[in-house]
Amino acid sequence: MTRSLRFPDGFLWGAATAAYQIEGSPLADGAGPSIWERFAHTPGLMADGDTGDIACDHYRRHAEDVRLMQALGLTSYRFSIAWSRVLPEGTGRVNAKGLDFYARLVDDLLEHGITPNVTLFHWDLPAALDDRGGWLNRDSADWFAEYAQVMFRALDDRVPLWTTLNEPWVVVDGGYLRGTIAPGHRNLYEAPRVTHNLLRASGAAVAAYRAEGRHRIGVVFNLEPKYPASTRQEDRDATRRAHAYMNTQFTDPVLRGVYPEALAALYGAAWPDFPAADLECIRQPVDFVGINYYTRQVVRDDPTQPPLRAAGVPQRQRTHTETGWEVYEQGLIDTLLWFRDRYGTVPVYLTENGAAFYDPPQAAGPVVEDPLRVDYLERHLKTLRRAIDAGVDVRGYYAWSLLDNLEWSLGFAKRFGLYHVDFSTQRRTPKRSALRYAQIIASHGAALDEA
Ligand code: BGC
């Protein structure tokens with residue numbers, strides 16, 4: 001058998017989740033409410049009225065879920081901390097029981113040979129901080145650094161990989177510009193201020209880590225490559241705007257200390273005059289960057305779509321996932337090569353990659369057949385291997401997601417899991433993609449040669 005697709009030694013094989021999407025019991029053991037608790041309980045905002053009250057019940061079933069990870073052969077697990085479990089008011093008083101939950105999870109992972117990769121913020125801001133302005137308040141950078149420090153002191157002896165924020169673009173665009181996720185604002189003037197404070201917060205947490213952390217810390221961006229729909233100048237310009245808005249709005253300030261010029265034109269009067277010193281705090285050297293890759297966008301000029309004046313062009317002849325995303329693995333290598341060319345040799349983890357496809361309801365069968373997800377996984381892993389061959393320093397891959405879970409305001413109907421979850425019984429069943437991923441992991445990638 002050819003061994004050409006073996007991955008480099010030490011490459012981490014992972015799966016990822018996020019607290020509000022899987023844990024359930026959001027107010028248990030002294031936890032404070034988060035903005036997702038409020039959003040999900042506001043009538044009309046969640047598909048089918050779904051909430052994270054139970055979700056995958058992982059808060060109570062975490063030991064079982066670690067065994068599922070072990071069955072896959074995972075060498076790493078990426079999860080997030082619910083800030084308001086640990087600091088119910090967001091700052092100040094620490095809730096020991098909340099901290100204990102994560103400490104037990106970390107210990108259990110380590111006992112099973114699984115490296116924890118901890119995300120500090122995956123969108124569930126403590127509601128008490130939202131009452132103080134949330135990410136619009138400049139103090140949010142200090143609140144976040146305080147919380148980060150609590151976590152570092154509690155877990156850095158056992159956690160070798162930390163990330164500050166997950167996908168700041170989604171928070172800005174969905175949370176403050178379009179209102180599709182918590183806190184549900186729709187305000188162009190807020191969006192760039194939130195970008196700025198999120199990035200200041202990330203920088204402050206990295207600085208705090210430098211003072212007392214002993215391992216490695218980074219930040220996670222969702223990068224989506226943009227391709228022009230035609231050679232028309234208008235479409236090329238729209239593509240550049242879309243790229244600046246979704247991608248370099250975040251990567252440039254963190255890795256180069258500047259915002260892309262296109263943003264001031266795009267936001268117009270809503271673009272604030274940020275103090276130059278802030279950019280120094282934002283540009284804290286990180287040990288690695290996490291990249292979440294799902295799809296690409298083909299872009300055309302569209303003056304009716306402010307602020308971007310751009311729209312995506314559906315590629316109807318190609319496979320799309322249940323969330324409407326085109327399956328386009330070439331975009332992954334394009335993104336990784338672009339990232340390396342622009343920012344140099346900073347190590348990268350692919351911190352999320354996956355697909356929602358319709359999975360038939362399961363009776364009692366031992367395996368859920370999910371051929372489209374198997375195909376998605378194989379295509380992206382092969383493409384990732386090509387990127388490594390091309391010299392990109394990729395250190396690990398995390399499938400999104402370990403379990404079917406709460407796909408935010410889209411509810412439970414969009415299933416991304418390697419394991420199927422029956423939400424009425426909490427029964428977990430492996431999908432074919434889980435079994436295939438286990439083979440790939442066991443062969444350190446070589447099994448991809450057979451696909
Ligand atoms: C997020 C996840 C989400 C996934 C699929 C990412 O944007 O980090 O929380 O479930 O994509 O939409």
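The values are calculated or read from the model by the stated rules, or taken from the named source; none is laboratory data. Bear in mind the structure is a predicted one, so any value in this text is a computation, not a measurement. A quick note on method: Cβ atoms are made from the backbone with ideal geometry, for glycine too, and the neighbour counts reach across all protein chains shown. The accessibility values were calculated without ligands, DNA or RNA, using every heavy atom of the protein model including side chains. Shrake-Rupley method; radii C 1.70, N 1.55, O 1.52, S 1.80 Å.
Of the residues in segment 324-347, at least one is in contact with a strand residue (DSSP E or B) (Cβ under 6 Å, 6 or more places away or on another chain) and of a type in the set (A, V, I, L, M, F, W, C). Considering segment 401-414, and only residues there that are within 11 Å of the ligand (Cβ to nearest atom) and open to solvent by 10 Å² or more (accessible area, probe 1.4 Å), the residue that is nearest to residue 15 (Cα to Cα) turns out to be 407. Total residues in segment 209-225 satisfying the condition of being open to solvent by less than 10 Å² (accessible area, probe 1.4 Å), more than 16 Å from the ligand (Cβ to nearest atom) and part of a strand (DSSP E or B): the figure is 1.
Only residues that are closer than 14 Å to residue 150 by Cβ and surrounded by 14 or more Cβ atoms within 10 Å (Cβ to Cβ) were counted in segment 59-93, giving 11.
What residue, among those in segment 415-425 that are more than 10 Å from the ligand (Cβ to nearest atom) and in contact with a strand residue (DSSP E or B) (Cβ under 7 Å, 6 or more places away or on another chain), is nearest to residue 179 (Cα to Cα)? Per the stated criteria, the residue is 417. Hey, does segment 114-131 have a residue that's in a loop (DSSP other than H, G, I, E, B), in contact (Cβ under 8 Å) with a residue 12 or more places away in the chain and more than 23 Å from the chain's Cα centre (by Cα)? So far as segment 114-131 goes, no, none of its residues is in a loop (DSSP other than H, G, I, E, B), in contact (Cβ under 8 Å) with a residue 12 or more places away in the chain and more than 23 Å from the chain's Cα centre (by Cα). Here residue 291 meets each of (1) more than 20 Å from the chain's Cα centre (by Cα); (2) open to solvent by less than 30 Å² (accessible area, probe 1.4 Å) with one exception, condition (1). Might you check whether a residue that is over 21 Å from residue 185 (Cα atoms), part of a helix (DSSP H, G or I) and out of contact with any strand residue (DSSP E or B) (no Cβ under 9 Å at 6 or more places or on another chain) occurs anywhere in segment 66-75? Yes: segment 66-75 contains one or more residues that are over 21 Å from residue 185 (Cα atoms), part of a helix (DSSP H, G or I) and out of contact with any strand residue (DSSP E or B) (no Cβ under 9 Å at 6 or more places or on another chain).
Of the residues contained in segment 425-439, one or more are found to be of a type in the set (Phe, Trp, Tyr), modelled with pLDDT of 95 or more and under 22 Å from residue 66 (Cα atoms). Scanning segment 151-201 for residues that are in a helix (DSSP H, G or I), over 18 Å from residue 135 (Cα atoms) and open to solvent by less than 30 Å² (accessible area, probe 1.4 Å), we see that the one that is nearest to the ligand (Cβ to nearest atom) is 151. Scanning segment 95-107 for residues that are without any contact (Cβ under 8 Å) to a residue 60 or more places away in the chain, touching a helix residue (DSSP H, G or I) at 6+ places or on another chain (Cβ under 6 Å) and open to solvent by 30 Å² or more (accessible area, probe 1.4 Å) gives a single hit, 99.
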